[in-house]
Amino acid sequence: MADCLFCRIVRREIPAQIVHEDEQALVFKDISPQAPTHLLIVPKKHLGSLLDASDDDRALLGHLQRVACLLAGAGRMSSFRLVTNNGKGAGQSVDHLHYHLLAGRPMQWPPG
Ligand code: AMP
Ligand code: ZN
């Protein structure tokens, strides 16, 4: 999508601190980290949010979780939080599906 921030990062039109890339996913550091480790796991395919995924995207959604596990393992994260904000009311500010991978500090529940 032409003017989507995360599509532009995927196309390298905007710089980011990329930590992982494969055929389907890009992972980069959040520009405003909320924990010592705060990564964004993004499908290269533009999906506005989780609600925009269809049955055809099942493998992609599974892949994104596998990428999270691989990064958690590589970073020796014994505890982490994997979260997606769906919709403005849940705090979504970028309309391209992404999972936050947060680690390195105690996490509160429920989240704010
Ligand atoms: P959300 O609010 O759940 O949609 O998450 C969007 C995240 O993208 C926020 O945590 C922002 O800090 C992060 N963000 C926004 N712009 C950039 C950028 N240019 N590079 C990296 N992360 C960004
Ligand atoms: Zn996009």
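The values are calculated or read from the model by the stated rules, or taken from the named source; none is laboratory data. Bear in mind that the values here come from a model prediction, so they are computed numbers and not experimental data. Cβ placement follows ideal geometry from the backbone for every residue including glycine, while neighbour counts extend to all protein chains displayed.
Scanning the range 30-39 for residues that are surrounded by 14 or more Cβ atoms within 10 Å (Cβ to Cβ) and under 13 Å from the mean Cα position of the chain (by Cα), we see that the one that is farthest from ligand 2 (Cβ to nearest atom) is T37. Residues of the range 83-112 that are surrounded by 17 or more Cβ atoms within 10 Å (Cβ to Cβ), outside any loop (DSSP other than H, G, I, E, B) and not aromatic (F, W, Y): H100, L101, L102, A103.
Do you know which residues across the range 25-43 are in a strand (DSSP E or B) and of a type in the set (A, V, I, L, M)? A25, L26, V27, L39, L40, I41, V42 - these are the residues of the range 25-43 that are in a strand (DSSP E or B) and of a type in the set (A, V, I, L, M). Looking for something loosely packed, with under 15 Cβ neighbours inside 10 Å and assigned to a strand (DSSP E or B) - is there at least one such residue anywhere in the range 51-69? No; the residues of the range 51-69 include none that is loosely packed, with under 15 Cβ neighbours inside 10 Å and assigned to a strand (DSSP E or B).
From L61, L71, grab the single residue that is within 16 Å of ligand 1 (Cβ to nearest atom) and aliphatic (A, V, I, L, M).
Sole residue among the options that is within 16 Å of ligand 1 (Cβ to nearest atom) and aliphatic (A, V, I, L, M): L71.
Pairs linking a residue in the range 1-24 that is assigned to a strand (DSSP E or B) to a residue that is within 10 Å of ligand 1 (Cβ to nearest atom), with Cβ atoms under 6 Å and 6 or more positions apart or on different chains, are I18/F28. Residue check: H46 meets all listed conditions (1) assigned to a loop (DSSP other than H, G, I, E, B); (2) away from ligand 2 (no atom under 16 Å from the Cβ) but one, namely (2).
Confirm whether L5 is closer than 15 Å to L70 by Cβ and either surrounded by 15 or more Cβ atoms within 10 Å (Cβ to Cβ) or within 16 Å of ligand 2 (Cβ to nearest atom) (or both). Spell out the reasoning first.
Numbers: closer than 15 Å to L70 by Cβ: no; either surrounded by 15 or more Cβ atoms within 10 Å (Cβ to Cβ) or within 16 Å of ligand 2 (Cβ to nearest atom) (or both): yes.
In short, no.
Restricting L70, L101, L64, L60 to residues that are closer than 12 Å to H38 by Cβ and either within 16 Å of ligand 2 (Cβ to nearest atom) or at pLDDT 95 or above (or both) narrows the list to L101. Sub-7 Å Cβ pairs linking a first residue in the range 28-48 that is farther than 21 Å from A59 by Cα to a second residue that is modelled with pLDDT under 95 and not charged (D, E, K, R), at least 6 apart or interchain, are T37/G75; T37/M77, ordered by first then second residue.
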